[in-house]
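Below is one structure; the comments refer to it alone.
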Amino acid sequence: QLQLVESGGGLVQPGGSLRLSCTVSGFGVELYSIGWFRQGPSQEREGVSCITSSGETVSLADSVKGRFTTFRDNAKNTVYLQMSILKPEDTAVYYCAARRGSYGGTYCPGNFMSYWGEGTRVTVSS
């Protein structure tokens, strides 16, 4: 059973920070690309960031560049999304997802991820 479980969501004030965790079982994170996606009020799924099997990070959304950082702890088999300077428009359910390798050279393609977590909700509000 391959499983991804997100945690760390909650309520945070604008300008605040939050760290999300994606704990993986069934495979090693160093063998997969792990992406973060979010689904806000529009219900449209948006790619946030990606970390490849080699540890390279790829930003998937201009709106979070400079504010969000993805990193991993191989020993804990966990990928993190560090979110800073949070804005109300960051409010969403955040999902992590995994796939092995790229899809036609694209890492973390939203429509072609193999495994998904169930999400953790982030609410940015004063």
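Averaging sequence separations of C-alpha pairs under 8 Å and six or more residues apart, then dividing by the length of the chain, give the relative contact order as a whole percent.
35
Which value, in debye to the nearest 20, describes the size of the charge dipole of the stretch 74-126 about its Cα centre when Lys and Arg Cβ atoms bear +1, Asp and Glu Cβ atoms bear -1, and nothing else is charged?
In debye, rounded to 20, the stretch 74-126 gives about 180.
Hey, any idea what % of the chain's accessible area is carbon plus sulfur with a 1.4 Å probe?
45
Please compute the modelled spin-label separation between Leu2 and Phe27, points set 7 Å along Cα→Cβ, answer in nm with one decimal.
Once both label points are built, they end up 0.3 nm from each other.
Tell me, what is the 1.4 Å probe accessible area of Tyr95, in Å² to the nearest 10?
Counting only protein heavy atoms, the figure is 50 Å².
Kindly report the accessible area of the chain per residue (heavy atoms of protein chains, probe 1.4 Å, no ligands, DNA or RNA), in Å².
Value for the chain: 51 Å² per residue.
What do you get for GluC sites (Glu not before Pro) in the stretch 1-92 restricted to DSSP loop and a cutoff of at most 12 other Cβ within 10 Å of the site's Cβ?
Filter output for the stretch 1-92: Glu44, Glu56.
The values are calculated or read from the model by the stated rules, or taken from the named source; none is laboratory data. Keep in mind that this is a model prediction, so the values were computed, not measured. FYI the Cβ positions are ideal-geometry reconstructions off the backbone, even for glycines, and counts take in every protein chain you see. Ligands, DNA and RNA are excluded from the accessible area calculation, which covers all protein heavy atoms including side chains. Shrake-Rupley method; radii C 1.70, N 1.55, O 1.52, S 1.80 Å.
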